[in-house]
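So the structure is just underneath, and the comments pick up after that.
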Amino acid sequence: MRFEYSPAPESRSVVRLRDSYGLFIGGSFVAGSSAFKTISPATEEVLAEVTHAGPEDVDRAVAAARQAYERVWSAMPGRERGKYLFRIARIIQERARELAVLESMDNGKPIRESRDVDVPLAAAHFFYHAGWADKLGYAGFGPSPRPLGVVGQVIPWNFPLLMLAWKVAPALACGNTVVLKPAETTPLTALLFAEICQQADLPPGVVNIVTGDGATGQAVVAHPGVDKVAFTGSTAVGKEIARACAVSGKRVTLELGGKAANVVFDDAPADQAVEGIVNGIFFNQGHVCCAGSRLLVQESVADEVLAALRRRMGTLRLGDPLDKNTDVGAINSRAQLDKISELAGSGEAEGAARWSAPCPLPDRGFWFPPTVFTEVSQAHRIAREEIFGPVLSVLTFRTPAEAVEKANNTPYGLSAGVWTEKGSLILWMASRLRAGVVWANTFNRFDPSSPFGGYKESGFGREGGRHGLEAYLDVVGGGDV
Ligand code: TAP
């Protein structure tokens, strides 16, 4: 049954957009060389003009970070650093509504997700790492492990504030300073975060934010004053960065793409599994590195599960990201929409059967309906390539061994899901799936205390938990062990 809902838009009045934003360097907003516009992907309206940081701007940001590292931050006792992180976390909570509305405006994601997932998790990352700042000597990396120095961080557009939190919180807790470049299409919550750093009286230069495009990211990564690079984004760019860092000898962590298998066995509770499949691939329009984009369903229940899945997809509400009833928001950019459309077209051309939920698409903005492909073979591009959109490819299997073989038949290895009543089967599968995270009877669960990261072309290094601290400490040098 489909319920009709009246519109319930969240008010935009909580957000005070400026016409234009400078770069955040040395604790202040400063002018840069040129500017670009950021738009709402749901309406294509221009939201603000943002500064494009050129190499000389990146240079200034790195110099500010170096000065703050040497004069203030690296020498500050951990318990004092922890207080700043705690204060930032509290301000994120206090300004949560503003951050959530701004994130949905700039990114296109439903307010329900930015309000209930992105922003609370971002605050949780700062709280969690505030707790670590004075306990690094107990993290298993020696009695007083040292920071690395200036960290260059480059993040994508799918979880703009959350990816910032994943990067900035551990770096600062460990005593490093930061130059961060947000994605070109979603710079606004990073710039609001800069205001939060000012509000928290964070010493100038500890966090610097340089907006721009891929060239700005390249300048951050290549800068000789950067001691460590932390990147989240596509595997193609990740490989370039790995090459650049290999020759410079910089420390690097890479969180890259994925093509996760969500494996449903015949004894799984069907309704619960269908909710997990929907959450796995349609959460955040499928713009999720660990999205369950390949459904592997046991052949004996495939028809039943797919019928239930189509029924459920028929109830998804697509539209205004600021409407509290919206399930599926806008695709982040025209370029991403073109990429999704091209890959979906290849699915049809290669012989898979396409079914899209019957939801009307708004006239303006970038939209793609939740879509499922059946009759998919492992050779199809839609089964191999990351689509990064609301498109699910369905494959079937007969035995657990076949499920493992198909699930692992990918160059990626970020995440996987297993749906079954049998605990022994969950453990058997989890020990064989080559994925950094394996969820059992759930999907897309995140916690700051739980390490996240990939195998193979999904990257290396972990973010979150005790393991995530390692990336920001001079562990190779052994600290003061
Ligand atoms: P990318 O195109 O790789 O962009 C990521 C970031 O790198 C952006 O800020 C981008 O700037 C910048 N960049 C582009 N070219 C660069 C270069 N040559 N050197 C340095 N920086 C460069 O990825 P995307 O399309 O934004 O994000 C989607 C990808 O990220 C997907 O593959 C997804 O799986 C992955 N992702 C992975 C994770 C984890 S945790 N594994 C989490 C989220 C997303 P512009 O925005 O200006 O292009």
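Quick note: the coordinates plus some simple rules give every number you see, no bench work behind them. Please read all numbers here as calculations on a predicted model, not as lab measurements. Reconstructed Cβ throughout: ideal geometry from the backbone, glycine too, with neighbour counts over all protein chains shown.
Observations on the structure shown:
- Look at ARG311, ARG16, ARG112 and count the other Cβ atoms within 10 Å of each Cβ; fewest to most, that gives ARG16, ARG311, ARG112.
- Along its first, second and third principal axes, ordered by size, the chain spans 65, 51, 38 Å in Cα coordinates.
- For LEU180, the residues whose amide H sits under 5 Å from its own are GLN153, ASN208, ILE209, VAL210, ignoring neighbours fewer than 5 places away on the same chain, with H placed 1.01 Å from N.
- Between the listed residues ALA335, SER104, LEU23, the Cα displaced farthest toward the positive end of the dipole of the chain, a dipole computed from Cβ unit charges relative to the Cα centre, is found at LEU23.
- Spherically averaged projected area in nm², based on the convex hull that wraps the Cα atoms of segment 194-301: 10.5 nm²
- Each Lys and Arg contributes +1 and each Asp and Glu -1, all at the Cβ; summed about the Cα centre of segment 179-333, the dipole is approximately 560 debye.
- Using C-alpha pairs below 8 Å separated by at least 6 residues, the relative contact order for the chain is 18 percent.
- Residue-by-residue Karplus 3J(HN,Hα) for segment 415-425, coefficients 6.51, -1.76, 1.60, Hz, glycine and proline x: 8, 7, x, 10, 10, 6, 7, 8, x, 5, 5
- Straight-distance crosslink candidates among aspartates and glutamates, where the alpha carbon sits under 20 Å from LYS135 and sequence neighbours closer than 8 are dropped: GLU80, ASP447, GLU463, GLU470, ASP474, ASP480
- Across segment 261-447, the volume of the C-alpha convex hull divided among the residues equals 116 Å³ per residue.
- Sequence-distant lysines (8 or more away, or on other chains) whose Cα lies within less than 27 Å of LYS456: LYS167, LYS181, LYS228, LYS239, LYS250, LYS259, LYS339, LYS406
- Coupling constants for segment 116-121 follow from the phi torsions by the Karplus curve (6.51 cos²θ - 1.76 cosθ + 1.60, θ = phi - 60°), and in residue order they are 9, 10, 4, 6, x, 5 Hz; glycine and proline get x.
- Under Karplus coefficients 6.51, -1.76 and 1.60, residue-wise ³J(HN,Hα) of segment 363-370 in Hz, glycine/proline x: 6, 9, x, 10, 9, 9, x, x
- Counting only DSSP beta bridges whose two residues both lie in segment 261-447, roughly 15 percent are antiparallel.
- The chain: calculated mean residue ellipticity at 222 nm from DSSP helix runs of at least 4, using -39500 (n - 2.57): -11000 deg cm²/dmol
- Size of electric dipole in segment 308-416: Cβ of Lys, Arg +1 and of Asp, Glu -1, about Cα centre, debye, nearest 20: 280 debye
- Antiparallel beta bridges, as assigned by DSSP with both residues in the chain, represent about 30 percent of the total such bridges.
- For GLY205, distant residues with modelled amide H under 5 Å away: GLY26, GLY27
- Under 5 Å, built H, 5+ apart or other chain: amide partners of GLY459: LEU256
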